[in-house]
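A short worksheet on the structure shown next.
All of the numbers you see were taken from the coordinates with simple rules; none came from a lab. Bear in mind that the values here come from a model prediction, so they are computed numbers and not experimental data. Because the Cβ atoms are built from the backbone with ideal geometry, glycine has one as well, and the counts that use them run over all protein chains shown.
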Amino acid sequence: MTPHALAIREALKRRAVVSDVELDQVFPDELRERSHLHWTPVAIAMRAAELLAPTSSLRVLDVGAGVGKACIVGALVTGAMWWGVEQDQVLVAAANHAAWAFDLGSRTRFVHGDGSRVAWDEFDALYFYNPFSTLMLSPHASPFVRYATIQNTLRRVEQRLASTREGTRVVTYHGFGGKLPAGFTLISREPAGGDVLELWIRDASPADPPRPA
């Protein structure tokens with residue numbers, strides 16, 4: 001681990017202030033220009049992590065994780081296990097390199113895939129930072145195809161959310177493009193950057209299987 005990475009790692013473990021410029025140095029130069037538009041800022045990632053994983057025993061999934069910035073911060077701040085799923089293989093490679101740079105291989109996993117299609121059953125918490133907005137930017141598809149694609153994706157996401165277990169935590173930043181289904185209660189809503197962080201928790205329902213004692 002480089003001295004720079006070690007300093008950031010120790011600072012985040014103490015919940016000290018770390019700037020985005022400092023943390024972003026771990027990512028490739030050609031990707032950093034995306035930071036201010038597409039990556040969760042460090043301060044917001046720290047707060048989101050606290051909402052998602054109040055204990056270190058929880059497993060968190062970042063849907064549309066990009067370069068894994070929120071997962072890296074979350075793993076250091078909470079000590080929980082963080083997974084990221086991302087459709088861009090270049091970003092997955094950058095995320096895995098960052099995890100290696102911060103020695104987080106045992107507490108982060110990054111996989112290539114469509115976050116709306118992977119299984120969510122094993123996770124206690126889900127993080128969404130408007131992960132499907134890029135579907136509307138596909139240069140090779142007609143507006144009709146782009147619209148149909150994102151609507152089908154959001155329908156899958158809402159169906160998956162509706163089938164999550166009691167107690168599942170969901171945090172959104174700039175939303176996810178759809179609506180939380182019935183059965184989720186809004187626990188907190190607080191300003192964050194140019195938007196808000198919302199924490200939702202899945203209520204118990206008659207269809208929920210009993211949890212082990």
Original post:
Where Rh is the Kirkwood radius over the Cα pairs of the range 3-59, the temperature 20 °C and the viscosity 1.002 mPa s, what D in µm²/s does Stokes-Einstein return?
Top reply: 171 µm²/s
**OP:** List, largest first, the extents of the alpha carbons of the range 27-116 along their principal axes, each in whole Å.
**Re:** 35, 28, 24
**OP:** With springs only between Cα atoms under 10 Å apart, run a GNM on the chain and tell me which of VAL67, VAL157, VAL170 wobbles the most.
**Re:** VAL157
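Could you tell me which helices of the chain pass both thresholds, a Cα extent of 27 Å or more along their own axis and a mean Kyte-Doolittle hydropathy of at least -0.5, with helices taken as whole DSSP H runs? Mind dumping the intermediate values first?
Details: long enough: 143-162 (28 Å, -0.47).
Answer set is 143-162.
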Original post:
When the chain is fully extended, how far beyond the present Cα-Cα distance does MET1 get from TRP100, taking 0.36 nm per residue of separation?
Top reply: 34.8 nm
Subject >> Pair-distance profile P(r), taking every C-alpha pair of the chain, with 5 angstrom steps and integer % >> reply: 1, 7, 15, 20, 21, 16, 11, 6, 3, 1, 0
Original post:
How much FRET efficiency would the formula 1/(1 + (r/R0)^6) give for GLU22 and SER56, where r is the Cβ-Cβ distance and R0 is 22 Å, rounded to 0.05?
Top reply: 0.35
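May I ask you to list the GluC sites (Glu not before Pro) in the range 24-128 that are in a DSSP loop and have at most 14 other Cβ atoms within 10 Å of their Cβ? Intermediate results must be reported in sequence, preceding the final value.
Details: sites: GLU30, GLU33, GLU50, GLU86, GLU122; in loops: GLU122.
Counting only loop positions with at most 14 other Cβ atoms within 10 Å, the GluC sites (Glu not before Pro) in the range 24-128 are GLU122.
Show me 190-196, 109-115 ranked by packing, highest mean number of other Cβ atoms within 10 Å first.
On the way: 190-196: 11.7, 109-115: 17.3.
In decreasing order of mean packing, 190-196, 109-115 become 109-115, 190-196.
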